Amino acid sequence: MTDLSDSAKLLIDDKEINLDVYTGVEGERSIDITSLYKDHGLTTYDPSLGNTAICRSSITYIDGERGVLRYRGIPIEQFDRPCPNFIEVAWALIFGRLPDEEELEQFREMLTENELLHEGLKNQFMTLPVDAPPMAILSAMISMMACYHKEFLLLEDEKILMGAAARLISKVRTIAAFTYRRAAGLPFIYPHPGLRYCANFLHMMFSLPYRQFEVSEEMEDALNLLLILHADHEQNCSASAVRVVCSAQANLFASCSAGVNALWGPLHGGANVKVMEMLDGIYRGGYKPEECIEAAKDHNNPFRLFGFGHRVYRNYDPRAKILKTACDRLFAKMKKADPLLDIARKLEELALKDPYFVDRKLYPNVDFYSGILFRAMGIPTNMFTVMFAMGRLPGWIAQWKEQHFADGAKIIRPRQLYVGNPKSNYLEMEKR
Ligand code: ACO
């Protein structure tokens, strides 16, 4: 619960305006400016919303200064063990608490029952170019689910929402695997009802009709951890896109499709692809780690050190910390090495002692080490952001649900500071 704890005074034109101040459960304070325009004709200027709380949320908590991340109150580090699995985390994010055994089993069954694509949807999928960007395919397919699952366009009941969530989470995995198989010219492998979420995905990705892919425990664990760490991150760019679309009372499929499109951008989820291109570029001898750091510091050069920096974290992203250790664990178990991991470590070492990065508090974010793990599983680089989307889907559904059912929720409609032409007249063509 947020608490009306205090008030703030704004002095403008010799007039004093009293504003309420709310305090969140972790002590963070937020000034309520909702009446400023209505009562005083004033807006607040906050381009890119870096300082604006757009909702009250109880899904995920982040303290960017201290590098803290919690899902439904549970510190993210507690998910870095063999027992928690992505599906129970998904359930907890969407429904507010960890599921009991029966609830988890029931949800798992729903996922299994819904893992196939409607044949009509599959036919639509086959009409898309084989070499289309996987994120474009994913967003189109999620959007098209609205054509095949019209029973989920109105979600006022939690049970129906659970059905929609199960379908989305299950089918997105099938869409992702089919996208890879089709681009690689491989036959589709249908989901195996006896396999868990992550193992089933790896089976659809890598089995052959005459040989079932043996999913190793370490790979399944690594994928499970990756999906959990990507599952939600409060009001990030894609979650906000989902909320904005949802606020117009658009359906869950339309809203999650918008989330996919926002995630695609290289400043957001697309950064995991950029990181891999950067590491690979260094490995192939295109440039040295030191040159990469220098290029990132040069404001005349559009290059950025991808996988570094974050709007909220001014400290090490706790997900990156976990993934760095997970890389060591996976490679030790697989008795393998990846030169790109050494390059990533070198870049991190250089950046963390460089005043440019230190002064700006730029640290590795979730995308810095995730690609190395995806690569170790044999997932191609152009599928990395799709993997991120698979992980983030429960978060989008949770954000959608919270927005949709929020008391007094209104359409999200920001203001602007108009800096265009003052009133002017239309000129006929010959007078221009
Ligand atoms: N490399 C070099 N310089 C950087 C980087 C970077 N990766 N990130 C930020 N900076 C610099 C900026 O140039 C700016 O410098 P200035 O103060 O001299 O102008 C300063 O640090 C502050 O950066 P902003 O751009 O204001 O930070 P913002 O909060 O707007 O952006 C973002 C955050 C987009 C993540 C940024 O750090 C970035 O582009 N990082 C690389 C892309 C990336 O890894 N994205 C994934 C983020 S995590 C996620 O979405 C899953």
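The values are calculated or read from the model by the stated rules, or taken from the named source; none is laboratory data. In this text the structure is predicted, and so the values were computed from the model without any measurement. Quick reminder, even Gly has a Cβ in these numbers, built from the backbone with ideal geometry, and neighbours come from all protein chains shown. Side chains are part of the model used for accessible areas, which takes the heavy atoms of the whole protein and leaves out ligands, DNA and RNA. Shrake-Rupley method; radii C 1.70, N 1.55, O 1.52, S 1.80 Å.
Observations
- Filtered by the rule that a residue be open to solvent by 10 Å² or more (accessible area, probe 1.4 Å) and closer than 16 Å to PRO394 by Cα, the stretch 93-102 gives PHE95, GLY96, ARG97, LEU98, PRO99.
- Unique match (being open to solvent by less than 10 Å² (accessible area, probe 1.4 Å), within 16 Å of the ligand (Cβ to nearest atom) and in contact with a strand residue (DSSP E or B) (Cβ under 8 Å, 6 or more places away or on another chain)) among PHE388, PHE368, PHE374: PHE368
- Taken over the stretch 111-161, the residue count meeting the criterion of being in a helix (DSSP H, G or I) and open to solvent by 40 Å² or more (accessible area, probe 1.4 Å) is 15.
- Positions within the stretch 54-73 being outside any strand (DSSP E or B) and without any contact (Cβ under 8 Å) to a residue 60 or more places away in the chain, in sequence order: ARG72, GLY73
- Where CYS83 falls short, out of the listed (1) surrounded by 15 or more Cβ atoms within 10 Å (Cβ to Cβ); (2) over 22 Å from TYR316 (Cβ atoms); (3) at pLDDT below 95: (1)
- Filter pass, GLU16 being free of Cβ contacts under 8 Å to residues at least 12 places away in the same chain and surrounded by fewer than 17 Cβ atoms within 10 Å (Cβ to Cβ): yes
- Inside the stretch 331-360, residues that are outside any helix (DSSP H, G or I) and more than 16 Å from the ligand (Cβ to nearest atom) make up a count of 4.
- Residue list for the stretch 236-256, filter: more than 12 Å from the ligand (Cβ to nearest atom) and open to solvent by 10 Å² or more (accessible area, probe 1.4 Å): ALA241, VAL244, VAL245, SER247, ALA248, GLN249, ALA250, ASN251, ALA254
- Filter result for the condition that a residue is more than 16 Å from the ligand (Cβ to nearest atom), of a type in the set (S, T, N, Q) and open to solvent by less than 70 Å² (accessible area, probe 1.4 Å), over THR43, THR52: THR43
- Of all residues in the stretch 347-373, those that are free of Cβ contacts under 8 Å to residues at least 60 places away in the same chain have Cβ atoms under 6 Å from Cβ atoms of residues that are more than 9 Å from the ligand (Cβ to nearest atom) and open to solvent by 40 Å² or more (accessible area, probe 1.4 Å), 6 or more apart or on another chain, in LYS361/ARG314.
- For the stretch 19-38, a tally of residues being open to solvent by 50 Å² or more (accessible area, probe 1.4 Å), more than 21 Å from TYR418 (Cβ to Cβ) and outside any loop (DSSP other than H, G, I, E, B) returns 4.
- Being under 28 Å from ALA177 (Cβ atoms), within 14 Å of the ligand (Cβ to nearest atom) and in contact (Cβ under 8 Å) with a residue 60 or more places away in the chain is a description that does not apply to ALA320.
- One residue alone among SER35, SER58 is closer than 21 Å to TRP400 by Cα and out of contact with any Leu (no Cβ under 6 Å at 6 or more places or on another chain), and that residue is SER58.
- Residue that is over 21 Å from LEU393 (Cβ atoms), assigned to a helix (DSSP H, G or I) and open to solvent by less than 60 Å² (accessible area, probe 1.4 Å), where the choices are ASP328, ASP280: ASP280
- In the set ARG108, ARG72, only one residue is within 14 Å of GLU234 (Cα to Cα), open to solvent by 20 Å² or more (accessible area, probe 1.4 Å) and in contact with a helix residue (DSSP H, G or I) (Cβ under 7 Å, 6 or more places away or on another chain); that residue is ARG72.
- Residue within the stretch 341-364 that is in contact with a Cys (Cβ under 8 Å, 6 or more places away or on another chain), closer than 30 Å to ALA199 by Cβ and buried (at least 17 other Cβ atoms within 10 Å of the Cβ) present: yes
- Residue within the stretch 299-306 that is in contact (Cβ under 8 Å) with a residue 12 or more places away in the chain, more than 9 Å from the ligand (Cβ to nearest atom), under 30 Å from LEU69 (Cβ atoms) and among the hydrophobic types (A, V, I, L, M, F, W, C) present: no
- Against the list (1) among the small types (Gly, Ala, Ser); (2) farther than 27 Å from GLU220 by Cβ; (3) free of Cβ contacts under 8 Å to residues at least 60 places away in the same chain, the condition GLY50 fails is (3).
- Extreme residue, most open to solvent (accessible area, probe 1.4 Å), among residues of the stretch 257-275 that are in a helix (DSSP H, G or I) and within 12 Å of the ligand (Cβ to nearest atom): TRP264
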